[in-house]
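Below is one structure; the comments refer to it alone.
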């Protein structure tokens, strides 16, 4: 009877971003993929000959070929996991022992987990839904292994490396141990992480592994936008799949859909924006997980475009539709805007936290009568310093029993109304406001800057400022009222009397405005006209 092995890595983020060198971050991301996944065939661009050239990297498939010949089968591989079927229990046990040691010897700070299920011992050889039960048992046993390791202590090493005077793994110098040089790592990154983007995007973007490329000498705006996008309810969808074959097809379709969404969004945006070069650093694109670096002034628009393309493209995929039924794949995103020199790991954590907070809005909105699901949300934050990082803002404050909301974000991507009756703003509404303000020459930058300062001084001070500057601010008032119609009062706020709530419309718009690039003449960046 067959025995199944499930390969997984824990603490992936800590391993990938364990230092501030972007080249190492990208290299560690590739190491996880090499150690846990099949990298050849099934649509993957790699081939066994090119992988064989990288002698210092442990490849799962290469190891299996060399040590187990044809005595194994990949039942599933993708997203940093693999399920492998061995014909005998002895082969499976030998694989766990020998492969674990080899991985830990090469990467001592990588937390590898391998769980085993014997279909005969578990009594599921002839049962219905055998594949699904095997997957659930493998995942359950992997979680038990992780919990055992976590409950004992925090591991600093696995005893297969030299220990320094602090009890931690000693950093081995290049003359102590053979390792890849920076140039070798850059070649690996470009070939196996960047090449597919370069081939698909051509001259539309410049793919780079250097954060210094984002430094701008002319205007001093050396900011990057770290984009984190994650699919919604993907675990629930995957758990509903009963066979390995359907899982393989679905996983491959998701990977392709997400990659094509990135490419399509970047190409579409590149045709609209005024920019000499569009920079891109793909940090991670595995399954439904995306992490990208772009220039700050393009980040919000690109993130929204990718999420929108994921939803649109999934409607035409038969493989996906068979699994998810009617509807489309949904995803949420977070964007951390920070200086290019800001600690990269911190920026990634902020972006992922914003993505998580965007997902919370899924449970706050009610499904509209229309077909749109309203499950795609985008959040962002401009990070000025580490001191204020990680302190979530309150969605509203109370002023004499009145709820005062200063933020319209997170924004809904898949919402047909510019502003829904429940107070949720669409990305389309935000985008129209930004583009209109950028075009209106009668609105001075000094007015916008002063208006930002008045936002948190109280509604009376805010209204008084607008009345004093009525002549200059009337253009801004009319512009917003024209876009959002009857929802807006003369003070550019929305008042919901039934719940005693005041919503400041412009706060998020003015905060993001310096980080949003202007578009080419004749390209307003807005979608089709949406009726309120």
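How many residues does the stretch 86-102 hold that are touching a strand residue (DSSP E or B) at 6+ places or on another chain (Cβ under 7 Å), surrounded by fewer than 20 Cβ atoms within 10 Å (Cβ to Cβ) and under 14 Å from residue 7 (Cα atoms)?
Selection size over the stretch 86-102: 2.
Could you tell me whether the stretch 303-310 includes any residue that is surrounded by fewer than 24 Cβ atoms within 10 Å (Cβ to Cβ), without any contact (Cβ under 8 Å) to a residue 60 or more places away in the chain and more than 12 Å from the chain's Cα centre (by Cα)?
yes
Of the residues 353, 385, 341, which is out of contact with any helix residue (DSSP H, G or I) (no Cβ under 9 Å at 6 or more places or on another chain), more than 23 Å from residue 264 (Cβ to Cβ), modelled with pLDDT of 75 or more and surrounded by fewer than 21 Cβ atoms within 10 Å (Cβ to Cβ)?
Every option except 353 fails the conditions.
Return only the number of the condition from (1) out of contact with any strand residue (DSSP E or B) (no Cβ under 7 Å at 6 or more places or on another chain); (2) part of a helix (DSSP H, G or I) that residue 300 does not satisfy.
Here residue 300 meets the rest and fails (1).
Just to verify a result, which residue in the stretch 283-296, among those that are crowded, with 21+ Cβ neighbours inside 10 Å and outside any strand (DSSP E or B), is modelled with the highest pLDDT?
Within the stretch 283-296, the match that is modelled with the highest pLDDT is 296.
Report yes if residue 320 is out of contact with any helix residue (DSSP H, G or I) (no Cβ under 8 Å at 6 or more places or on another chain) and not assigned by TED's automatic domain parsing to the domain that holds residue 409, otherwise no.
Against the criterion (out of contact with any helix residue (DSSP H, G or I) (no Cβ under 8 Å at 6 or more places or on another chain) and not assigned by TED's automatic domain parsing to the domain that holds residue 409), residue 320 does not qualify.
The values are calculated or read from the model by the stated rules, or taken from the named source; none is laboratory data. Being a predicted model, the structure only gives us computed values, none of them experimental. Methodologically, a virtual Cβ is constructed for each residue, glycine included, from the backbone with ideal geometry; neighbour enumeration extends over all protein chains shown.
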